[in-house]
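Step one of this worksheet: look at the structure below.
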Amino acid sequence: MIDPKTLAERFPGDFLFGVATAAFQIEGASKADGRKPSIWDAFSNMPGRVFGRHNGDVACDHYNRLEEDLDLIKEMGVEGYRFSIAWPRIIPEGVGRINEPGLDFYDRLVDGCKARGIKTFATLYHWDLPLSLMGDGGWTARSTAYAFQRYAKVVMARLGDRLDAVATFNEPWCSVWLSHLYGVHAPGERNMQAALHAMHHTNLAHGLAVEAIRHVAPTVPVGLVLNAHAVVAGSDSAEDKAAAQRAFDFHNGAFFDPVFKGQYPQSLLSALGEQMPAVEEGDLAIISQKLDWWGLNYYTPMRVADDPAEGAEFPATVPAPFVNPEKTDIGWEIYPSAMGDLVADLYRRYDLPPMYITENGACYNMDLVDGAVDDQPRLDYYAEHLAVAADLIRDGYPLKGYFAWSLMDNFEWAEGYRMRFGLVHVDYDTQQRTIKKSGQWYRDLALQFPRGNHKSA
Ligand code: GCO
């Protein structure tokens, strides 16, 4: 077992270790204090969408257990907490009326972190779009981008003085492709045209929000969290290599190119441009404003091969087999070095600001035995990926911090509560929290920071 103190030596003294969560996955209290439904409430209440028809009504009951959960974060020894803000608590209908009690909750959250010496990394959008906005088409409508800008302004006016960083979106790949093309996430659409509209309006919303944040809270570092895919060709054949480049353009380029280059990938425009909404003059300048940081969420590589089918839709790829047969309980291949290769590839392709790993972690579903959870494979997953993170720092990449996904077991979207990613176990009947073996190990690592010259007084 890798000794956390030895591993700690490989990181600079001011490296930030944190834990991450998202509002809909942990808060519960879905009808409390003026919150209105999000698309995830609607989606999870429909049969056949989420495993076991699980929903977010109670989740980890975090909304009602805020103080004890903040104590738990403190106990985890971390210096940073990455959380998301629920738009339907702040502006319940998406537009119009502002709901003060919703803002009050995040006020308490942020103050509670500050009182405990924990840095606050807020995400404005982690997939819980106010359901009312679906009346206009949700993310397929350009108006949603402007509604998001106003929401960003409202949040930053209230919390901006106490946030250490803010991200506009979490994983637009999921809220665009997974939600509008593959139908797996809310709103469950399966349509390329809808997905391309969601893509551009999400990118636009990101840019409009950056503008709003800089206006209202100019000192808060602004970023974007992307689940960049480590795309690997299934073979050395020219066909598979070309497939990998198309997959890169579609899965990564659709977001990285407009944000960091001010244009959409040419291959995507050629193949799908006619189905895209109008890109209005000035949109790409708004989208490509310089960011202070970006966040990478990494779990597993994406192996692709060419799809030889006649008329296959862009990017025309099929999955290629795993190289490492070892996978986590959610079925994702474990392949730590792909994370390092991905970061190197992205810094080669784009002019990127400093980064954080904003999510990394593993699904293992072992349960409590005699009051303890022995989740050695999760601990190993963390140790192996953190070794790659340390290599990246050694090689000169501007990696500033690492957030484990997740603080605790929670609502794993379409998988419901059956898939567990927590460093802390949650008993959903009693809401009891128990730090797992991996959580104790992570705490021993995180407790070493900050250290050396960087130690704060
Ligand atoms: C994500 C998510 C998390 C997931 C995690 C595991 O951004 O994909 O932030 O919500 O729970 O990735 O699938």
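Summary of values
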{"quantity": "Only Lys, Arg (+1) and Asp, Glu (-1) charged, at Cβ; the chain dipole about Cα centre in debye", "calculated": "1060 debye"}
{"quantity": "Reduced Cα scattering model of region 361-415, Debye log10 I(q)/I(0), q = 0.14, 0.21 Å⁻¹", "calculated": "-0.52, -0.90"}
{"quantity": "Burial ranking of peptide ranges 166-173, 389-396 (average Cβ count within 10 Å, highest at the top)", "calculated": "166-173, 389-396"}
{"quantity": "Within region 361-457: Cβ-based charge dipole about Cα centre, in debye rounded to nearest 20 (Lys, Arg +1; Asp, Glu -1)", "calculated": "540 debye"}
{"quantity": "Isotropic mean projected area of the C-alpha convex hull, region 108-195 (nm²)", "calculated": "6.3 nm²"}
{"quantity": "Convex hull projection area averaged over all views, region 235-350, Cα basis, nm²", "calculated": "9.0 nm²"}
{"quantity": "Alpha-carbon centroids, region 116-155 and region 393-444: separation in whole Å", "calculated": "24 Å"}
{"quantity": "Volume per residue that the Cα convex hull of region 163-316 spans, once the total is divided by residue count, Å³", "calculated": "121 Å³"}
{"quantity": "Selection from T358, A387, Y151, by position along the positive dipole direction of the chain (Cβ)", "calculated": "Y151"}
{"quantity": "Loop chymotrypsin sites (Phe, Trp or Tyr not before Pro), region 272-337 (other Cβ atoms within 10 Å of the site Cβ: 16 or fewer; DSSP)", "calculated": "F322, W332"}
{"quantity": "Distance-filtered residues of region 219-239 - backbone nitrogen under 20 Å, label point 7 angstrom along V184 Cα→Cβ", "calculated": "225-234"}
{"quantity": "For region 164-292: relative contact order, % (alpha-carbon pairs under 8 angstrom, 6 or more apart)", "calculated": "29 percent"}
{"quantity": "Estimated FRET transfer efficiency when R0 is 56 angstrom, pair A285-E310 (beta carbons, to 0.05)", "calculated": "0.90"}
{"quantity": "Förster radius 41 Å - calculated FRET efficiency between E67 and Q266 (Cβ-Cβ, nearest 0.05)", "calculated": "0.20"}
{"quantity": "DSSP beta bridge pairing in the chain, given as percent antiparallel to the nearest 5", "calculated": "20 percent"}
{"quantity": "Leading residue at positive end of dipole, the chain (Cβ point charges), from A165, N252, M339", "calculated": "A165"}
{"quantity": "Where labels lie 7 Å past Cα in the beta-carbon direction, separation of N45 and E75 in nm", "calculated": "3.4 nm"}
{"quantity": "The chain - percent relative contact order, Cα under 8 Å, separation 6 or more", "calculated": "19 percent"}
{"quantity": "Computed lengthening from L447 to H215, 0.36 nm per intervening residue step minus Cα-Cα distance", "calculated": "79.9 nm"}
{"quantity": "Exposed-site-free run, longest, the chain (rule: GluC sites (Glu not before Pro); DSSP loop; at most 13 other C-beta within 10 Å)", "calculated": "10-279"}
{"quantity": "Links that overshoot a 26 Å alpha carbon limit, given the list K261/K400; K36/K400; K241/K327; K5/K119", "calculated": "K36/K400"}
{"quantity": "Part-to-part distance (alpha-carbon centres) for region 1-46 and region 238-286, which is given in Å", "calculated": "30 Å"}
{"quantity": "Cubic angstrom per residue, convex hull over Cα atoms of region 281-404", "calculated": "172 Å³"}
{"quantity": "Cβ-based exposure ranking for D444, D69, in which fewest neighbours within 10 Å come first", "calculated": "D444, D69"}
{"quantity": "Spatially proximal aspartates and glutamates relative to K74 (Cα-Cα < 13 Å; intrachain offsets below 8 disregarded)", "calculated": "D444"}
{"quantity": "Potential extension, A238-I393 segment - 0.36 nm per residue separation minus Cα distance", "calculated": "52.5 nm"}
{"quantity": "Computed over the chain, Cα set: Rg, Dmax in Å", "calculated": "20.9, 65"}
{"quantity": "Part-to-part distance (alpha-carbon centres) for region 179-228 and region 305-378, which is given in Å", "calculated": "22 Å"}
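FYI, it's all coordinate maths here, none of it is from the lab. The structure presented is a predicted model; accordingly, all values stated were derived computationally and were not measured. We place every Cβ from the backbone using ideal geometry, glycine too, and count neighbours over all the protein chains shown.
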